[in-house]
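Worksheet for the structure shown next.
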Amino acid sequence: MSAALASCLWLPLLLAALCFVLPATASRWLALLGSLATTLVGGLLLADFAAFPGADFRAVVSAPWSTALGASFTLGVDGIGAAMLALSGLITAIATIAAFRQERFPRLYHALVLVLLAAMNGVFTSLDLLLFYVSWEAVLLPMLPLIGVFGGEQRRYAALKFFVYTLAGSVLMLATLFGLWHGTPAAGRTVAVPPAVLAAHAGAAATTLHGLPVTPANGTTPATVQVPRGFDVRHLALQHEAIATTPFLGLSLATFGLLAVLLACLVKIPAVPLHTWLPHAHVQAPTAVSVLLAGVLLKLGVYGLYRIAIPLFPHAVRDVAPWLGWLGLAGILWGAVAALGQRDWKRLVAYSSVSHMGFCLLGPASGTVVGMTGGMVQAVTHGLTAAMLFLLVGVVYDRAHHRDVDGFGGLAKPMPKFAWLLLLASLASAGLPGLCGFVGEFGVLLGGFTGPTPFPAIAGFATLAVVLSAAYLLWTQKRVAYGPLAHDDHGGFADLDRRELAALLPLAVLAVLVGIWPKPLADALQPACELLVQQLHGGRP
Amino acid sequence: MIAALDALPLHALVPELLLVMALFAILGVDLLRHPALRTAGPWLGGVACAVAACFALPAAPTTVGPMLAIDGLAGFARLLILALAALVLLATAARAHRIDQPGAFAMAVVALALGADLAAAASNLLPVWLGLELIAMASYTLVAFGGERRAAEAGMKFVLFGGVASALMLFGASHVYGLTGSFEFAGMRGLLGGGFGPAGTLALLLAGCGLAYKLSLVPFHFYAPDVYQGAPPLGISVVAVLPKIGAAVALLHFLTPAGPLPAALPAAVATGLAAIAAVSALVGGFVAVVQRDGKRILAFSGIGHGGALLLAIACGPATEARAAVCFYLLTYGIANVGAFLCLDVLVGDRGATGLDALAGAWRRRPVVAALLCLFVLSLAGIPPLAGFLGKWGVLQQAFGLAMASRELQPLGVAALLLLLASVVAAWSYLLLVRALVLAPAASEAPPAAPLALPLRLVLAVAAIAVVGFGLWLDGFSWLGQLV
C-alpha cells in the first residue's frame, strides 16, 4: 500500500508529461485516469481506517532524499490524511469530467490539472516538512495558468493576486523550517515520550516508534527515544517541549513557528480578514477550476493546522485558541452576510465557502474531540457541497452566459433535474440533518458548546450562521428555480446532459450517504483527532 | 627574468593564457574582414572559453607570487565564469546577423571573462582592481554596442558611474596601503578586527566601493536599471552576471583567513554586511513592482540578488557558507543568462522590451516565452527550480548563525527581510510572466523566423541546468568539499 501511496505523487506527473506526447483528445482520459487512481488509493486507505480505527500513520514510505538538507522522502497517512487524499482524487475526477469538453488547449489544461493533483497529494501525504512546504508552494504553479489563461475577464489580476497573496502567507513558514532545523542539535536529542502518544502510535509496550528505537520506561523515568535532526513531522512532534523553549530571533521558536504556519493556513482556509483573494479567484476561474479551488485547495489550510500547527506547537495553539475561535466566527458570519448581498451567483457561492470554512477553524480551536473531528468532517463535506454548487452554477452559465441571480427565474420548468440537484446541494450546504453538511457543523457547534469559555458564546453566535446560510441558499433557490419563467428563451434550456449528471451524481450520492451514515468517516477521523486533542492539553497545566 | 618566468606556475594559469590567445586570435580573424569569417570571432571565443573551462579547477591550490591564489573557490568561480561566457558566445554566433561587429563583441566578452577570472583568483587588492577595471572596460563596450542612442546613453551612464566607483576604490586602496603597508589580503585582514580605528573602517569601505558597484548593492545600484534597459540584451547577459561572480569571490577570499576557518565573521563586520544586504534586497524588491520594462525588472532583480549574495558572504568564511555562495552564483548566473538570451530573441522581433511590447510573446514564440518564464520563476525562487535551492542555502546559513549566537542575530533579521523582499519581488516577476503568457498580443505579428541551432542548444542547456540544479540537493555538500 505504501507503493500505491507513492504512486499518488509520481503517476499524475508522469501522466501530465504524457499529455503532451499523446493526441489532444487523450489528455482528458489521462487526467481522469490519474484522478481516479488517487481516489482509489485514498478510498481504500479511508476504508481501512474506518474498519480498523487507529491514530497511527499507515502506508508509510520513507526514502532518503538529501542527507545534506536533512530531508527525506517520507509519505504516510493517518485518518485525516486518507480522507483528504480521497477527497483530492474525487474532486479532481469530478472537475475533469466537468471539463471534458475543454476546447482551448486541452493538453495544457489537463496536464496542469494533473500537476496540481500531484502537488495536492504531496501536501496531504507528506510527513517530511520540506516536502510539505515544496508541495504547498508547488500548488501555486499550475493554478497561475489555470486561472490566468482559462479564466474570465479579469483573470490575469485574479491569478496574480492569488499567487502573491498565498506566497506571502507561506514565506514565513520557510523561515520556520530553518529554525526547526537549527533548533535541534546536530546529534539529535533524547526526548521523553508520553505514554498516550506511544500507545496511540505504536502500542504501549512498543520498542520502536516511527522507526526510532525506544528506551522503555523504567519505574520513575519515562520512555525515551533518540530523535535525529531532520524535518520528519512525527519526530518534530515528539520534540514540541524543546521547540517551545528554543529562542528564535527574540521569540520562542514555537511562537514564531505558530505565527508562520498560522499565517499560511489562514490565508488558504481562508480566514477573515485574509480572505480577499478568494472571491476574485473563484469568480474568474473556469467552472472546473473553481470546483478544485473550493473542493480541495481550501482544505490545504485546514490540513496544515491539523498536521503541522497542533502537533508541533501545541501549547502555543492552546494559547491562541480563543483568538482562532473568534476568527472562525468572524469568517462564518462575514461570509454569510456577504453572500446574502451578492448578485453574481459565483461570488455568492464563494462567500458561502468563506462562511463554511469558518467552521473548520472553530472546530479545532475549541480543543474538544468532537470539535476537532467535526472540523475535519466539515472540511470533507464542504468539499462535496461546494463542488456541487459550483458545478450547478457552471451548468446555468453554459446555457445563459451570465451569472446574475436576479436574471433567472422558474428554471425548474425546463430543467427539473437541475432544480432538484440544486435543492439537494443547497440543503446539504445549509446543514439540513440527514445530509452531509449537518454532521460537520453539528460536531463543531457541539464542540464549541462543550469547550472552555469563550467557546460556548462563540458557538452560540455561530449557530446564527446556520439560519443565514439557509437564508441565502434557499433564497437563491427560489430566485433561480421556482416561480414563473422569467425569460422566455430560458424555456429552451436543455436539462442536465450525461456528462453533467456524471459529474454531479457521485457528489449527490455521497452527500446523502455521509449525511445518513457518517460513522465510517467519523470512525476514520476520530482517533487521530483524539490524539491531537491530547497533545493540545497534555503537559502544561 | 627567465628564471622568474620559469618559476611561474603556468599550469594553473592555462585558462587565462587561453583567453589571451583567443583575444588575439579573434582580433586577427576580424582584421581579415572576410564575409565568410563573420561568425568566426564568437565561435573562436566560445571554443576557447569552453576549453579553458576544462582547465579551470586546479589540481592543488597554487599561488602565483603575491598576486593570485588559485584554490578550489577560485577554480569553481573560473569554471562558472568560463562556462557562462562560452554559452553566451555560442549564442552570439547564432545571433551574429543582428550584431554589427560580432568579432569585436566576442573580444569584449572574452575580455570580460578574463577580468572576472583575475578578480576571482586574486589574493591581493591590486589584481582585484585590475580585474574589475578590465571588466569595466569590456562592460562599457558591451553596453554601448551598436551605437544606438539608448545604448550610447546607457554606456555613458555606466562609464561615469563606474569611473567614480573605481576612483573611490583606488582611494581606499591607497589608505589601506598607508595603514597596513601591504595590498595583500593576508596583511589587510587586520583592518577587519577594528584595530586601526575609524581610519581602517573608512579605508575598507572605500576599497569596497568597486566591489559594491559590481555587485550592484545599495548605494551603488542606481546605474543598473538605466544601463540594463538601454543596452542590448546579449551584452547585458554577461555584464549582469560575470562581474558579480568575480566581485563576490574576491570579497569572499578577502574575508577568509588562512589556517583553520572560524565559525563566523566578527559580529560588527557581519552585521554591517547583513545591513547592506537587507537594504539591497528590499530596494530590489519594492522598486521593481512599479517597473514596466522587462529589462528593468531584471535589473532590479539583479540588485535584490546582489543583496542575497552579500548575505551569504556575511555568513562568514565557514565552508558551508562558501558552498552557499557558490551555489547561489551558479543558480543566479544560469537563470540570468538564460533570461537575457530569451529577451534578446524577443527584442529582436519587436525592438523593445517594455511590457506592452512583450505582450502576447507566447503566440509568436511559445517556446522562448515559456523558457523566459522558467528562468524568471527560478530568479523568483519558486521551488523546485534552482533559484529556490540557492535561496535555501543562504537562509540556512543565516538562520543557523543567528540562532547559534546572540551577536549574530542581525543575520537572522536580514534573512527575514530577504524573504519579505523576495515575495514583493515575486509580484514584479509575475508582471513579466503575465505580459508574456497571459496578455493578448497588441497586434497581429508576422510569423517568427526559427532560431539557429547553437542558440537552441544554449537555451536547452540553460533550461536543463535550471531544473536540474533545483533537484541537486547534494550540491551544497559537493561544493563544500570543492571549495
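General observations
- Region B:381-400: number of residues that are among the aliphatic types (A, V, I, L, M), facing another protein chain (nearest Cβ under 9 Å) and open to solvent by 10 Å² or more (accessible area, probe 1.4 Å): 0
- Answer residue from region B:401-412, given it is more than 8 Å from every other protein chain (Cβ to nearest Cβ) and in contact with a helix residue (DSSP H, G or I) (Cβ under 7 Å, 6 or more places away or on another chain) and is surrounded by the fewest Cβ atoms within 10 Å (Cβ to Cβ) among those: B:E407
- Lone qualifier among A:G483, A:G447, A:G515 - being touching a residue at least 12 places away in the same chain (Cβ under 8 Å) and surrounded by fewer than 19 Cβ atoms within 10 Å (Cβ to Cβ): A:G483
- Subset of region A:35-62 that is open to solvent by less than 40 Å² (accessible area, probe 1.4 Å) and among the small types (G, A, S) - its residue that is nearest to the chain's Cα centre (by Cα): A:G42
- So A:L108, is it more than 9 Å from chain B (Cβ to nearest Cβ) and surrounded by 24 or more Cβ atoms within 10 Å (Cβ to Cβ): no
- When restricted to residues that are of a type in the set (K, R) and outside any loop (DSSP other than H, G, I, E, B), region B:247-301 contains 2.
- Criterion (of a type outside the set (D, E, K, R), modelled with pLDDT under 90 and out of contact with any Phe, Trp or Tyr (no Cβ under 7 Å at 6 or more places or on another chain)) met by exactly one of B:A121, B:A60: B:A60
- Residue check for A:T166: within 22 Å of B:L420 (Cα to Cα) and open to solvent by 10 Å² or more (accessible area, probe 1.4 Å): no
- Among the residues of region A:187-194, some residue qualifies, meaning at least one is touching a Gly at 6+ places or on another chain (Cβ under 8 Å) and at pLDDT below 90.
- For region A:46-83, a residue qualifies if it is without any contact (Cβ under 8 Å) to a residue 60 or more places away in the chain, in a loop (DSSP other than H, G, I, E, B) and within 11 Å of chain B (Cβ to nearest Cβ), and the qualifying residues are A:T67, A:A68.
- For region A:238-247, the set of residues classified as outside any loop (DSSP other than H, G, I, E, B) and within 30 Å of the chain's Cα centre (by Cα) consists of A:L238, A:H240, A:E241, A:A242, A:I243, A:A244, listed by residue number.
- Residue within region B:228-238 that is in contact (Cβ under 8 Å) with a residue 40 or more places away in the chain, within 30 Å of B:A154 (Cα to Cα) and not in a helix (DSSP H, G or I) present: yes
- Checking each residue of region A:495-507 against the condition of being part of a helix (DSSP H, G or I), open to solvent by 80 Å² or more (accessible area, probe 1.4 Å) and over 30 Å from A:L324 (Cβ atoms) gives at least one match.
- Subset tally (residues that are open to solvent by 20 Å² or more (accessible area, probe 1.4 Å) and either modelled with pLDDT of 95 or more or not hydrophobic (A, V, I, L, M, F, W, C) (or both)) for region A:15-28: 3
- Subset of region A:1-41 (residues that are without any contact (Cβ under 8 Å) to a residue 24 or more places away in the chain and not in a helix (DSSP H, G or I)): A:V21, A:L22, A:P23
- Entry remark, region A:202-237: residues being assigned to a helix (DSSP H, G or I) and open to solvent by 20 Å² or more (accessible area, probe 1.4 Å) number 2 in total.
- Here the condition is being within 14 Å of another protein chain (Cβ to nearest Cβ), farther than 18 Å from B:V461 by Cβ and either within 21 Å of the chain's Cα centre (by Cα) or open to solvent by less than 10 Å² (accessible area, probe 1.4 Å) (or both); of B:L374, B:L355, B:L346, B:L419, it holds for B:L419 alone.
- Once region B:121-149 is narrowed to residues that are among the hydroxyl-bearing types (S, T, Y) and buried (at least 23 other Cβ atoms within 10 Å of the Cβ), the residue that is farthest from B:G162 (Cα to Cα) is B:S123.
The values are calculated or read from the model by the stated rules, or taken from the named source; none is laboratory data. Everything numeric in this text was worked out from a predicted model, so none of it was measured. Heads up, the Cβs are rebuilt from the backbone with ideal geometry, glycines too, and the neighbour counts pull from every protein chain shown. Note: areas computed on protein heavy atoms with side chains; ligands, DNA, RNA excluded. Shrake-Rupley method; radii C 1.70, N 1.55, O 1.52, S 1.80 Å.
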